[in-house]
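S.K.: First the structure, which I've put down as structure tokens, then a few questions once you've had a look.
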Amino acid sequence: MEDYYETLGVSRNATLEEVKTSYRRLALRYHPDRNPGDRIAEEQFKRISEAYQVLSDTEKRQIYDLYGHAGLMGMEESGFSGFDDLFGSFGEMFEDFFAFGRSRRPRPQAGADLTHRINLTLDEVAAGKDVALEVERRVHCRPCGGNGLEPGTRKATCPRCSGKGQVAQNKGLLRIFTTCPQCGGAGALVTSPCKQCHGKGVVKEKKQVQVRIPPGVDEGARLRLRGKGEAGALGGPPGDLYIEVRISPHSLFHRQGRDLQYAAHLSFVEAALGREIQIPTLHSHANLKIPSGTQPGAKFRIPGEGLPGIKGNSRGDLVVEVHLQTPTQLTPRQEKLLREFLEQEKK
């Protein structure tokens, strides 16, 4: 026969409280009401209940520890006392475990957060921008103060739960308390709802919000405005408003961190001989000297012509990458000179 201690998953030195705790856990798992039609669960429930009857009784446990199953055979109340008796003791033992009758009233809840996206140009990122946003959000109804009641009226006690916020349900041999479906656990009902908000306690409102976008903000950055989101419920705090930044592509520059990248297109003659070229910047232009013999893909930096750091530190650079252009239509004179150049290359 199976060892009772192994059946309950406890050691031979387990205290009575440890035996009870293990039995509660296993009984909940294998109880027939939770496993309708499952014969394996039913048999397991019988086994753990039989083990509990022995190990929770001081006299039976002493005899079992000394003589095992054989010692219990001679007792007047020997063995397993029946499936129906087990259900009776099961319900009594779980009375304190479920804390029946305790009312769980709805708690204050924070309001939902809101997200608003804005699009910036690269020039606006460099300088920063003050933005006025029109945000629609739910706020507490002013006439009723957010309680959903018509001014001058009071809530009525819920008739279903008598103000407890919970109702009892019989699940087989278990008596379980659940949140009252009529009042949602509040214990009271709004019988005279506010005409402005129809008893909801909140109304929609459009409001302008001023936001300062700092220079150097990154793509996808989220700026948080505390307390500018939806109104909280039951006295809970309002949510937050998040401003999500999107940056429009620029026709000339590509951003990489604080640096800006620019592609300068040169002819192979200009790259070979070198020359000074004018490079556009976000605000003006800058002169850049290209040395002779410059290869395609070469990069040059113009310091301080990038974007500022988000924390106000130094600006990035403008990185100029050289791209070579091959002429597609040559004049007879150009073609002659190039052929002469090619002949010189072969020598």
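S.K.: Quick test of your reading of the structure: Ser78 fulfils all but one of (1) over 30 Å from Val167 (Cα atoms); (2) modelled with pLDDT of 70 or more; (3) in a loop (DSSP other than H, G, I, E, B). Name the failing condition by number.
M.R.: So the condition that Ser78 fails would be (2).
S.K.: Applying the selection to segment 51-67, what residues are more than 46 Å from the chain's Cα centre (by Cα) and not aliphatic (A, V, I, L, M)?
M.R.: If the condition is that a residue be more than 46 Å from the chain's Cα centre (by Cα) and not aliphatic (A, V, I, L, M), then Gln53, Asp57, Thr58, Glu59, Lys60, Arg61, Gln62, Tyr64, Asp65, Tyr67 are the ones that fit.
S.K.: Return the only residue of Gly145, Gly152 being surrounded by fewer than 19 Cβ atoms within 10 Å (Cβ to Cβ), in a loop (DSSP other than H, G, I, E, B), over 30 Å from the mean Cα position of the chain (by Cα) and modelled with pLDDT of 90 or more.
M.R.: The unique qualifying residue is Gly152.
S.K.: Also, quick follow-up: Which residues, counting only those in segment 228-267, are among the basic types (Lys, Arg) and not in a strand (DSSP E or B)?
M.R.: Those that are among the basic types (Lys, Arg) and not in a strand (DSSP E or B): Lys228, Arg258.
S.K.: Return the residue satisfying two criteria in turn: it lies in segment 235-284 and is among the hydroxyl-bearing types (Ser, Thr, Tyr) and without any contact (Cβ under 8 Å) to a residue 40 or more places away in the chain, and of such residues it is surrounded by the most Cβ atoms within 10 Å (Cβ to Cβ).
M.R.: Result: Thr281.
S.K.: Find the strands (runs of 3 or more DSSP E) located wholly in segment 164-224 whose residues include 2 or more that are of a type in the set (Gly, Ala, Ser) and under 30 Å from Pro249 (Cα atoms), and list them.
M.R.: none
S.K.: Out of everything in segment 161-176 that is exposed (fewer than 15 other Cβ atoms within 10 Å of the Cβ) and modelled with pLDDT of 80 or more, what residue ends up being nearest to the chain's Cα centre (by Cα)?
M.R.: For segment 161-176, the residue satisfying everything is Ala168.
S.K.: Let me ask something additional. Any residue at all in segment 317-336 that's at positive phi and either modelled with pLDDT of 95 or more or in a loop (DSSP other than H, G, I, E, B) (or both)?
M.R.: So far as segment 317-336 goes, no, none of its residues is at positive phi and either modelled with pLDDT of 95 or more or in a loop (DSSP other than H, G, I, E, B) (or both).
S.K.: Additional query: In the list Ser314, Ser292, which residue meets the criterion of being free of Cβ contacts under 8 Å to residues at least 12 places away in the same chain, outside any strand (DSSP E or B) and among the small types (Gly, Ala, Ser)?
M.R.: Ser314
S.K.: Within segment 15-41, work out how many residues are touching a residue at least 40 places away in the same chain (Cβ under 8 Å) and assigned to a loop (DSSP other than H, G, I, E, B).
M.R.: Adding up the residues that qualify gives 3.
The values are calculated or read from the model by the stated rules, or taken from the named source; none is laboratory data. Note that the structure is a prediction, hence the values are computed from the model and not measured. All Cβ positions, glycine included, derive from the backbone under ideal geometry; neighbour counts span all protein chains shown.
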